[in-house]
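A short worksheet on the structure shown next.
The values are calculated or read from the model by the stated rules, or taken from the named source; none is laboratory data. The model shown is predicted, which means the values in this text are computed figures rather than measured ones. Please note: Cβ atoms are built from the backbone with ideal geometry, for glycine as well, and neighbour counts cover all protein chains shown.
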Amino acid sequence: MLVPEEYIVEEIEIDERELERDPSGVHLRYNHTEPSVISDGVDFIAVIDQGDDEYRIDYWGYAFGRMYITSEGVQELGQRLDYEEDEIPSWTLDPETVDANDPPWWLPDDTAIDPTVACEHCEETVSVREVVTPRQPPVGMDGTVFCRDCWE
């Protein structure tokens, strides 16, 4: 469940073809960094303000659908972006859909719009959306975080 049931106004069963591939709103993406793990679930969420204290959530991945949630629900969804504990967060914002100078009210304070981390091989600073965190590093390479160039 993306948000607790108490925050859902309406959930709609929708044909996957009805979902826009570039919807409006703020986009959240699941950050797949482990190259040997395939996960089921939701990979993408679009948060679209509908006015009157209601938000439309379009989501897809292995699961897909649309729901309308309250402002408390969208705030709960924003908590997935609290990066304090994670060097490499599981969910990230698409920086093309968020104005860093005017972020949505529902994001936790000091949420990084496009957090970065250093590659432990070449030491280049890259977006956390562009790293690989393998369970086992390649032979001859030390570290747990690699940029895509070093990984290839």
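Here are some notes:
- 3 or more residues out of contact with any helix residue (DSSP H, G or I) (no Cβ under 7 Å at 6 or more places or on another chain), surrounded by fewer than 16 Cβ atoms within 10 Å (Cβ to Cβ) and among the β-branched types (Val, Ile, Thr): qualifying strands (runs of 3 or more DSSP E) within the stretch 64-152: none
- Among (1) in a strand (DSSP E or B); (2) more than 22 Å from THR116 (Cβ to Cβ), the one test that VAL37 misses: (1)
- No other residue among ALA46, ALA100, ALA63 is touching a His at 6+ places or on another chain (Cβ under 9 Å), of a type outside the set (Phe, Trp, Tyr) and more than 30 Å from PRO137 (Cα to Cα) apart from ALA46.
- Looking only at residues in the stretch 97-121 that are at pLDDT below 90 and β-branched (Val, Ile, Thr), the one that is farthest from ASP53 (Cα to Cα) is ILE113.
- Among residues of the stretch 122-152, those that are of a type outside the set (A, V, I, L, M, F, W, C), farther than 26 Å from LEU28 by Cβ and modelled with pLDDT of 90 or more, counted: 1
- Test for ASP94: is it closer than 30 Å to GLU11 by Cα and either modelled with pLDDT of 95 or more or assigned by TED's automatic domain parsing to the domain that holds GLY51 (or both): yes
- Residue check, ASP58 buried (at least 17 other Cβ atoms within 10 Å of the Cβ) and either within 17 Å of the chain's Cα centre (by Cα) or farther than 21 Å from ASP102 by Cβ (or both): yes
So that you can scan it fast, the table gives a plain yes or no per residue for (1) at pLDDT 90 or above; (2) more than 24 Å from SER127 (Cβ to Cβ); (3) outside the structural domain of PHE146 (by TED's automatic domain parsing); (4) of a type in the set (D, E, K, R):
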residue: ARG21; (1), (2), (3), (4): no, no, yes, yes
residue: SER24; (1), (2), (3), (4): yes, no, yes, no
residue: PRO35; (1), (2), (3), (4): no, no, yes, no
residue: ILE38; (1), (2), (3), (4): no, no, yes, no
residue: GLY61; (1), (2), (3), (4): no, no, yes, no
residue: GLY65; (1), (2), (3), (4): yes, yes, yes, no
residue: LEU77; (1), (2), (3), (4): yes, no, yes, no
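- Looking across the stretch 1-25, the residues that are crowded, with 17+ Cβ neighbours inside 10 Å and touching a Gly at 6+ places or on another chain (Cβ under 9 Å) come down to LEU2, VAL3, TYR7.
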